[in-house]
1. With a ≥ b ≥ c taken as the square roots of the eigenvalues of the C-alpha gyration tensor of the range 177-313, please select rounded if a/c is under 1.5 and otherwise prolate if a/b is larger than b/c or oblate if it is not?
2. Give me the extension gain from Gln352 to Ile73: residue separation times 0.36 nm, minus the current Cα-Cα distance, reported in nm with one decimal.
3. Could you compute the FRET efficiency for Asp254 and Asp227, with r as their C-beta to C-beta distance and R0 at 30 Å, rounded to 0.05?
4. Cα centroids of the range 205-232 and the range 1-72: how far apart, whole angstrom?
5. For the range 78-219, build the charge dipole from Cβ charges (+1 Lys, Arg; -1 Asp, Glu) around the Cα centre, then report which of Val154, Val119, Val190 sits farthest towards its positive end.
6. Label-point separation (nm) for Asn133 and Thr312, each offset 7 Å from Cα along Cα-to-Cβ?
7. Specify the angular offset, from 0 to 90 degrees and rounded to the nearest 10, of the alpha carbon long axis of helix 347-356 from the longest principal axis of the alpha carbons in the chain.
8. With a sphere of radius 12 Å drawn around the Cβ of Glu333, what net charge do the other residues whose Cβ falls strictly inside it have (Lys, Arg +1; Asp, Glu -1)?
Amino acid sequence: MTLEGIPDSMQAVVLTGHGGLDKLVFHEDWPTPVPGADQVLIRVGACGLNNTDVNTRSAWYSKGNTDATTGEILVGADGQDGAWGGASVSFPRIQGADAVGTVVNVGDQVEKSLMGQRVMIDGWLRDWDDPMNLAKTGYFGSECDGGYAQYTKVSHRQIRPVDSSLSDAELATYVCSYVTAENMLNRAKVTEEDTVLITGGSGGVGSALIQLANRRGARCIAMSGADKAPGVRAVGPYAVIDRSPEDLRSALLDTIGQDFVDVVADVVGGALWPQLIEVISRGGRYTCAGAIAGPIVNFDLRIFYLRDLTFTGATVPPPGVFADLVGYIERGEVRPLLAATYPLEELREAQQAFIDKRHVGNIVAVPGA
Ligand SMILES: NC(=O)c1ccc[n+]([C@@H]2O[C@H](COP(=O)([O-])OP(=O)(O)OC[C@H]3O[C@@H](n4cnc5c(N)ncnc54)[C@H](OP(=O)(O)O)[C@@H]3O)[C@@H](O)[C@H]2O)c1
């Protein structure tokens, strides 16, 4: 034992390289991290799953890959650009972006009052001398070890105590998806004047987009597979339409009485993409944070410029979005959609269920369960 009953070693799931689920290896005796001077050590209560874990494991981000996310190692993918930011991943790596837990040790430069507090972690690593510089960023669980372990360490600037009656597992459904979704809505300047079409409505980001667009008073139309439509409807969009309509324009007309929208908020891309762009009204906005159905799309530039559209990508948010989210959670303005919890040692099974996508919301791993 070292500090205050903190063991020298811990349970952790370690990604050993690019490949299949067998690259995720559960250890009982991985070294417990030691916090640096400006860091805190957190006992992890729960850690949510995300596609970035799957994409990094399978090297989906590599420019050599042109396929949808499947969780399988991809033909053409290359480990040299296997991380989200275009660099390589250094192995072994503990993944897991959405950790929630309790501060159990602090570095010399950190306020002692943080000890014992339950905190959420902002996944974005920043240069704290230049925090507005979005180019100087990394991601928790990608460029440093993350939350699929009993303990993790982060800069004290990346955490926020949270005052909520929600469980750790419920809180672990939020950060990656909701910060991304809020950043997309900010980038597209969505207001109560807007009708927003949301793809992947049953997923982490899609269900976050529904709640956060509603929070702003926008009218949102969510796309969903038929089997999950009742679950998506329960999240509260104005309407739900099928994820693979024969003709999206007609589907919108039948559902909401108009065949265009002000904004498309997309995390799916793929074959549907030209139809998504086709339904945006003149002067409208397209914002995108994912391409789970395929990153390579058929883009007719004429629609883009002749219709005066604005396109925004959304990945690294400016500082502040995470703090806004914690406020929404504390005030009950968004609710958690916890589909299932798995013990950390069953992370492979949890990730397979996440890839199978029979759920609405998110799946969470719980260490020591
Ligand atoms: N840029 C960022 O910082 C950032 C952050 C978070 C996520 N992302 C990306 O955004 C995308 C969505 O993330 P998420 O966390 O919301 O994912 P998720 O929870 O897995 O949900 C994705 C949803 O997309 C729908 N979908 C439609 N076509 C699909 C297809 N061909 N294959 C699989 N699913 C399809 C599915 O809903 P239905 O079955 O109902 O259609 C599914 O629920 C991913 O590509 C992820 O990597 C990016």
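Read-outs throughout are calculated quantities, based only on the coordinates presented, and are distinct from any laboratory measurement. Only a predicted model underlies this, so the values are computations on that prediction, with no experimental measurement involved. FYI the Cβ positions are ideal-geometry reconstructions off the backbone, even for glycines, and counts take in every protein chain you see.
1. Cα axes put the range 177-313 in the rounded bin.
2. Stretched fully, the Gln352-Ile73 segment lengthens by 99.0 nm.
3. Given R0 = 30 Å and the Cβ-Cβ separation, E is 0.90.
4. 30
5. Val190
6. My value for the distance between the label points is 2.4 nm.
7. Its long axis makes an angle of about 0 degrees.
8. It works out to a net charge of +1.
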